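Below is one structure, written out as structure tokens, with a few remarks after it.
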Amino acid sequence: MKTIDLKGKWHLRNRDGSWDVPAQVPGDTHSALLAAKKISDPYWGENELRLQALHHEDWIYEREFDISLEWLDEESIFLEIEGLDTVAEIFINGKSLARTTNAFIRHRFEAKTFLLPGKNVIRIEITSPEKAAEAEAKRLPYPIPHGQFPIQSQHRNLLRKTQCHSGWDWGPCLMVSGIEGIRLGATSLGRIESLQVLQEHARPGGRGPVTLTVRCEVFSPKGGESEFSVDIDGKNQTTRVKLGPGLNALTQRIEISKPRLWWPNGHGEQPLYPLIVRVAGDETSRRIGLRTIEVVNREDKHGLSLEFVVNGRAIFAKGANWIPADALPQRVTRASLDDLLSSAADAHMNMLRVWGGGRYESDDFYDLCDEKGLLVWQDFMFSCALYPATTAFLENVRQEARWQVQRLRDRACLALWCGNNENLGSLKWYPESKSNRDRYLVDYDRLNEGVLGAAVRELDPSRLFWPSSPCGGTNDYSDCWHDDRRGDMHFWSVWHEGKPFEAYLDVKPRFCSEFGYQSFPSLTSIRTYAETDQWNVSAPVMEHHQRNPGGNARITENMTRYFRFPEGFENFVYLSQVQQGLAIRTAVEHFRRLRPICMGALYWQLNDMWPVASWSSLEYGGKWKALHYMAKRFFAPLLVSAVRKKDGTIEIWADNDTVKTVASKVRVRVHDFAGKTLLTLRFPARLRAGTSSRLRIFRPSELLGTDTKTDAIFVTIDLTANGTQIQNELFLTEYKRCTLLHPKISLTIRGEKDGSFVLCLQTDAPAFFVTLDAGEIRGEFDDNVLTLLQREPKTVRFIPKQAYGLKKLTNGNFRRALTVHHLRGTYT
Ligand code: BMA
């Protein structure tokens, strides 16, 4: 097959021609206007508000291309276009070729009769998304409501585009339009339309061979004969096939006798076998990870389980929710995705949920998840809204679902399909659906089971279609937001209902797919959107970069619950991150202790799409917040934790998420705030693989004696195994009640040959949440947010990200950029 790639330079203009700028494809309208200096940075200050008028513009993309006479001899010439966002009409040489209404479909349109030898012009007219959505709303027989966020474009649920472009409680309202991929193909014999690679494991998780069934659909304009070859694992298998006009289904089976299995991060390696299929002069490739994956969804004495089993091994899912990496799609690169996903893997995550208000991610994203062992919980792109069930809408979604399932089903990382985010629960949000639940529930079911579920059952039957997140299981239409017994749970009582962190301990989710707590991004990030005169939590720009109404007040109020109020903006920002980390640590440690009742903890949310106060652990640009450093510890394969129960007893727990039994030594120490160790207890602990175990229960008097108060001490727990030590700590009352000494922290820095810096930290009094920040210098510490004790120096390493435009980083400029914060430093 011959192809002409039409990516590259295009022209973009609005309908009246008042804007006419060069544009990139792949790319988006706003990025093109920004590059041409026609608009100001949408992320700075309150600029976003001034850009809302753009949403009423229609956009016209145009470019020229050449077609040779030889091309026109081919039987079929087609235009392939992907990620055309959203309501558009495509013209070639002034004649209308097609109309599209879905950004999530790859289209192929026959175009031969539109083309001329020599110069041709392609023009794509995109209707203003806001106007298109309004027009759809007018056509509806009854209103279909959707969630409202502070800055919101209306009726986004009527358009098949990234739902959060219309504004979210962490995202700007930038209704971008654009194109992701576009090319022409020409063939006389045929082209590959779809591929599916099924795996049969002789012994799941065992050493037996794996048989692959390669199914290929080939479209041939008029039929003919071809070779059909499959290459994998050094083998080639070729047959001769006859193609009839139209779609042809071809199959080959091929055996891999000594398979190397693909495992989620932390459980083993991620070997990927390149597979190449060639037929009818066309070629396509995949990288196949050999593994079985099941979702166990069983009634048991606790309710209904939700557990991922890979190669026969139950996996505790550790991870977070993923949102689009940038509000301006053009800015997302493979490198920026790699950076975010590497950070996820470094924090021992093994699963990400591609959340339904975003987009089906790019091939780069799934390639990287395959490589890093990050399982993907894949939502269909429907979120926090009701959706129409008109014939046209359902047909549009049917094509989308079929395309996306076919596109992603061979991915090793793909773990499950989920119908939507919170749509079931949202039936209870709107007056319309509260007063006529039947009508909206029927619509919901037509779309969800009738279209999405049906597509999965037909095209990817081995994977579970999970109806919604959260959900109590197939055929359960109840609102299970507060039900911790069944399926997956979104537990939001701590953030959205303002309950204390301890409320996490009151639930026993089977799988917690959302729970979150907000913080501010670092000063480095704040500097990219606010002048220093705005560096105040209730200044207009700081409020603008907070999309959850009441969010800044909640962060502030909670600080008064646990901490002495921090002085100054810098301390406030730092403490907001510590607070967020503590909230999520409380939840995750608890969920891991609940194993095997609970088998997954995906916090809300991994990343940000612009610089903003949010629930993310990685701020926009990828810098780690305190939470991400804490996640690296609370998601680590070995975890030791302590918890104070309501009756005052103190429990010590360990979770072994490795595949081997671990012999460990545990040391529990009680210290006063001057740093004196009042008590030391040591005991061995055998930790069975894949289990969580309670190692000890202490009555308060056993640790405190009879006259020590809870505000006079803190507890450290060290667990030593396989030559390494992990540490955790427990306060027995709120931090604000404890009289902390002012520690003097000293720091030495040594530059290493490999460009990293080794830092050694020492203190003269206990210091808590000691957090290093390298400011503008991109990179991460291998450990951070530390507890420091006298005579127990800690060494950490800073690894700069050379790939991110770093010039010369010396000891001197590293030291100058470095700041150190700790809890006692936040007040005088
Ligand atoms: C959820 C998500 C998002 C939202 C987040 C924070 O439940 O599904 O829609 O952004 O909470 O409120």
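Coordinate-derived values only; no laboratory data. Quick caveat: nothing in here was measured; it's all calculated off a predicted structure. With ideal geometry, Cβ positions are generated from the backbone for all residues, glycine too; neighbour counts draw on all protein chains shown.
A few notes on this one:
- Convex hull of Cα atoms in the range 2-185, direction-averaged projection (nm²): 11.3
- Hz values of 3J(HN,Hα) by residue in the range 113-128 - Karplus curve (6.51, -1.76, 1.60), Gly and Pro given as x: 6, 8, 9, 10, x, x, 6, 10, 10, 10, 10, 10, 9, 10, 6, 3
- Once the gyration tensor of the Cα atoms in the chain is diagonalised, the equivalent ellipsoid follows with semi-axes of 48, 31, 26 Å, ordered largest first.
- Computed on the range 2-185, with alpha-carbon pairs under 8 angstrom and 6+ residues apart, the relative contact order is 28 percent.
- Calculated FRET efficiency, residue 110 to residue 565, Cβ-Cβ distance, R0 = 51 Å: about 0.15 to the nearest 0.05.
- Tally of Lys pairs whose C-alpha atoms are under 26 Å apart, taken over the range 741-828, 8 or more apart or cross-chain: 5
- Point-charge dipole on Cβ atoms (K/R +1, D/E -1) for the range 697-828, about Cα centre, debye to 20: 600
- Residue 436-residue 137 pseudo-label distance in nm [points 7 Å out on the Cα-to-Cβ vector]: 1.7
- Hydrodynamic radius of the range 741-828 per Kirkwood, over alpha carbon pairs, in Å: 13.5
- Efficiency of FRET between residue 47 and residue 502 - r from beta-carbon atoms, R0 45 angstrom, step 0.05: 0.65
- Projecting the Cα atoms of 18, 541, 408 onto the dipole axis of the chain, where Lys and Arg carry +1 and Asp and Glu carry -1 at the beta carbon, places 408 farthest toward the positive end.
- Expected-Rg normalisation [2.2 N^0.38 Å, Cα atoms] applied to the range 677-828: 1.26
- Evaluating kT/(6 pi eta Rh) at 25 °C and 0.890 mPa s, with the Kirkwood radius of the range 481-523 over Cα pairs in the Stokes-Einstein relation, gives 220 µm² s⁻¹.
- Dipole of the chain [Lys/Arg +1, Asp/Glu -1 at C-beta], most positive-end residue of 784, 765, 144: 765
- Solvent-free Debye scattering, log10 I(q)/I(0), computed from the Cα coordinates of the range 293-636 at q = 0.10, 0.11, 0.15 Å⁻¹: -0.59, -0.72, -1.33
- Convex hull (Cα only) mean projected area of the range 717-776, reported in nm² to one decimal: 6.8
- A cut-off under 13 angstrom between Cβ atoms defines the neighbours of residue 436, and their net charge, with Lys, Arg +1 and Asp, Glu -1, is +1.
- Close amide H pairs (under 5 Å, H built 1.01 Å from N) link residue 603 with 319, 320, 321, residues at least 5 positions away or on another chain.
- Size-normalised alpha-carbon gyration radius of the range 189-288, reference 2.2 N^0.38 Å: 1.20
- With a cut-off of 10 Å between beta carbons, the residues surrounding residue 147 carry a summed charge of -1, where Lys and Arg count +1 and Asp and Glu -1.
- Fully extending the segment from residue 820 to residue 394 would add 147.9 nm, taking 0.36 nm per residue of separation and subtracting the current Cα-Cα distance.
- Burial ordering of 586, 528, fewest other beta-carbon atoms within 10 Å first: 528, 586
- Pairs of lysines in the range 2-185 (C-alpha under 29 Å apart; 8 or more residues apart or interchain): 29
- Between residue 734 and residue 202, the modelled label-to-label distance comes to 6.4 nm, taking each label 7 Å out from Cα in the direction of the beta carbon.
- Using a Förster distance of 35 Å, the FRET efficiency for residue 260-residue 35 (Cβ separation, nearest 0.05): 0.20
- Label-point separation, residue 283 to residue 660 (7 Å along Cα→Cβ), nm: 4.3
- Nearest-20 debye value, the range 293-636 charge dipole, Cβ charges on Lys, Arg, Asp, Glu: 720
- Long-range HN-HN contacts of residue 510 with modeled amide H, under 5 Å: 486
- Computed as a quarter of the hull surface, the mean projected area of the alpha carbon convex hull for the range 693-732 stands at 3.5 nm².
- Charge dipole (debye, nearest 20) of the chain; +1 at Cβ of Lys and Arg, -1 at Cβ of Asp and Glu: 2440
- Per the Kirkwood formula applied to alpha carbons, the range 572-611 shows a radius of gyration over Rh ratio, Rg over Rh, of 1.09.
- Shown for the chain: cysteine residues without a partner Cβ closer than 4.7 Å, namely 164, 173, 216, 384, 418, 471, 480, 512, 598, 738, 760.
- The stretch between residue 760 and residue 68 holds 242.5 nm of extra length on full extension. This uses 0.36 nm per residue minus the Cα-Cα distance.
- Plainly put, the range 335-405 has a radius of gyration that is 1.07 times its Kirkwood radius, both from alpha-carbon atoms, as the Rg/Rh ratio.
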